[in-house]
Structures are given as structure tokens and as C-alpha cells.
Amino acid sequence: MKWVMSLLLLATLVIAAEPIVIGVYEPMTGPYAAGGQMTMEGIYLAHEQVKEVLGRPIELVLVDNKSDKVEAANAVARLIEYHKAVAIIGSYGSAVAIPGSEVANKLGVPMVGCSPTNPLVTLGKPYAFRVCFIDPFQGTVMAQFAVEELGAKTAVVIQDIASDYSVGLSHYFQEAFKKLTNNKKSVLGVISYQTGDQDFTAQLTFANSKNPDVIFIPAAAYGEAALIIKQARELGMKQIFLGGDTWEAPEFLEVGGKAVEGSYFSTHFDTEATTTPRAAEFIKAFRAKYGKDPSAFAALGYDAYMLVVDAIRRAGSADPKAIRDALAATKNFEGATGYITLDQNGDAIKDAVIRVVKDGKFVYVTTVRPSE
């Protein structure tokens, strides 16, 4: 009998010491790399702060999705089937987050997106969640800002036809802009380009011919948005440029230079507009570790990791189904980016921040809250 008890005790100790694996599939290479790298800064900080849950060590495994849809799907499958991840975090870029969420949902392992804003990331997928707002809200926020704060009556949209994120955000901006201006013809035109394009003369010539008040560029790749604005200024265009959350990357400022001054975009977080005690703690810790202010993507990465760990703790189990159920029940989770409540689709009900490029820096303008 004693040897049986000893074996049971040994088995319990082995299970207790066995790591709980949290998998991450972010873009470390390719056109979305800067976004993935910023996100990982927040995830690494969170992991340093919380290394154990349920008395077991947390093993963080990162697989590069290479900014590619097929690679993203393969990365999630590898994390689950080979590394035995019980939860997945990722990914920056809706185009790669969508196929990743499809695999996670099919294999029955919960995925928490940090910053992918396209509705299709979570729609109809009970195992998919996110800590960021979604494009119907983001598109409306930017249309509202253009009309109510900038006095815009007309707009042109320049979109990346190869990007789910860009096409989706373009659609929601157009819908909201037409409604807010009470004019179905207030969007004077929509013109497309392809990911990787470098010359935007044709698109800008078209936009300039319409003479809109604002030009909305929901680019998936920040570098392309900066190039478009830079080439527009070289052509003598004076319009105000607007964008989405992908613009928040140092490379946007580096590529665009003085040309992007006065451009506005929506994002998820600003150190000047914190709403929770955890935000102040996060900013202090981030500055101490990296010697700089955190980006919105770092803050979202931090929140995604912390929410996954919180769900494991609330579930009292490392079973993926139990973790999924705990995530679905999330209400008023205190994150760095605000208090997070997940709706019936697994989407976070969150505020949006608007920033402007001023003197070569991203500067806080205002915060917009979801309507009740």
C-alpha cells in the first residue's frame, strides 16, 4: 500500500512540475515584423512578471508566422500538436490572425488575439477571443473624428486590396462616413493597390483629381502608408491623411519623415490616457526594462498574456476547454489598455485612442468610447 501511495505522490509532483505551455504566433519577419516585435516586448514583460500558474511553471513558445497566411496556420498547428500549447496568443495582422484562429478553433484550443481587428478573426469561432476593439468600431471612430473634429464633408479611400484588414476597415469607414455626412456620395472614390507596391502615383493622381477633404489609408503595412503620404506631398497634395492602428510603428515615422506630420490615426493605448492602476504599473515596468515608452501593440501583448494566465487561474485547470469557458466569462478584467469585457463573439468592448504625428512623434489627441 505504501508503494502505491508513493507512486501517486510522485505522479502528483511530476504533474505539478510539468510546464503549462502558452504558444505565440507573431510575425517576426516579413512586412508585419515591426508589429510582431512590438507585441512580443509586452508579452515577454508579462511572462517575466508572471512565470507560474496553478503551481506550475509557464513555458512561453514563439513560432514566427512570417507575415504569411499559410505559415500562420502551420504555426498554430505546430504549437498545439508538437509543443502541446493549451492556449495561443496572436497575431498582429488580421490577414494572418484569421487562418490561425481557424486552426485553433478546429483543434479546440483557445486563442487570444492581441491586435487583429477584423471581425472574422473571432466570428463563429467559440475558441477565438481578442483584447482589442474591432474594425466596425475603429472605422466609425475615424469617420466620426473626420466629420465632427476636422469638418470633413468628402473623403477618398486608398486600400490594400490584398489585405483582409485593409478592405474590412475601408468598408466600415465608408459606411460610417456616408451616414455621418448624410450623403451617400460623400466618399468620392475608392482606389486599390497591392501589398508590396512602391509607386502610388496612379492612386494619388486619382485621389487628387477628386479633391477630397480627407484621404483614408487603412494600410496593413505601415511602410506603405508612409510611402503613400510621402509621395502625395511630393505631388503637392495638401489633404489631411487618416489611418488605422497599424500606423503606430517607428518605421512609419522613419519612412514618412516630415510628410506624415499632421496625420491622424486610431489606436488602442497611450501613456497619456491610462484608465487602470495596472496601466501605470505596466508603463513603469516597461520603461525600466526597455528604456522607452510602450507602444499600443506592446500593451495589447501584455494584456493578452495576462488574460490567458488569469483564465487558467479562474478555470483551475490547464484543460483547453476549461480555459476557453473561463475566457468567455471575462468581465472587467483589469488590463494595461483598460478594463476588458468580452462579448458574445469573444471581442473586447474597449475605448479607442486617436493620435496625431507632431514634431516627429505620436501625440495623444483624444479617447473615444463605444456607444452604449
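Before moving on, here are some points about what is shown:
- Close pairs (8 angstrom Cβ cut-off, 6 or more residues apart or separate chains): in contact (Cβ under 8 Å) with a residue 40 or more places away in the chain and within 18 Å of VAL214 (Cα to Cα) in region 232-258, of a type in the set (A, V, I, L, M) and surrounded by fewer than 17 Cβ atoms within 10 Å (Cβ to Cβ) anywhere: ILE240/LEU150
- Residue match in region 259-274 (condition: without any contact (Cβ under 8 Å) to a residue 60 or more places away in the chain, surrounded by fewer than 23 Cβ atoms within 10 Å (Cβ to Cβ) and outside any loop (DSSP other than H, G, I, E, B)): yes
- Boolean, VAL21 is in contact with a helix residue (DSSP H, G or I) (Cβ under 6 Å, 6 or more places away or on another chain), within 21 Å of VAL309 (Cα to Cα) and among the hydrophobic types (A, V, I, L, M, F, W, C): no
- Of all residues in region 170-197, those that are open to solvent by 60 Å² or more (accessible area, probe 1.4 Å), assigned to a loop (DSSP other than H, G, I, E, B) and modelled with pLDDT of 95 or more total 4.
- Members of region 1-32 that are at pLDDT 95 or above and closer than 30 Å to ALA279 by Cβ: PRO19, ILE20, VAL21, ILE22, GLY23, VAL24, TYR25, GLU26, PRO27, MET28
- Only one of VAL157, VAL76, VAL70, VAL109 that is under 21 Å from LYS331 (Cα atoms) and of a type in the set (Val, Ile, Thr): VAL109
- Subset tally (residues that are surrounded by 24 or more Cβ atoms within 10 Å (Cβ to Cβ), under 30 Å from ALA315 (Cα atoms) and among the aliphatic types (A, V, I, L, M)) for region 110-169: 6
- In region 320-372, counting only strands (runs of 3 or more DSSP E) that sit wholly within it, the ones holding 1 or more residues that are closer than 20 Å to ASP135 by Cα span 338-340, 352-358, 361-368.
- In region 284-305, the residue that is surrounded by the most Cβ atoms within 10 Å (Cβ to Cβ) out of those that are in contact (Cβ under 8 Å) with a residue 40 or more places away in the chain, hydrophobic (A, V, I, L, M, F, W, C) and over 25 Å from ALA220 (Cβ atoms) is PHE286.
The values are calculated or read from the model by the stated rules, or taken from the named source; none is laboratory data. All values reported here derive from a predicted model rather than from experimental measurement. Neighbour counts run over all protein chains shown; Cβ positions are idealised from the backbone, glycine included. Just the protein is used for accessible areas: all its heavy atoms, side chains included, with ligands, DNA and RNA removed. Shrake-Rupley method; radii C 1.70, N 1.55, O 1.52, S 1.80 Å.
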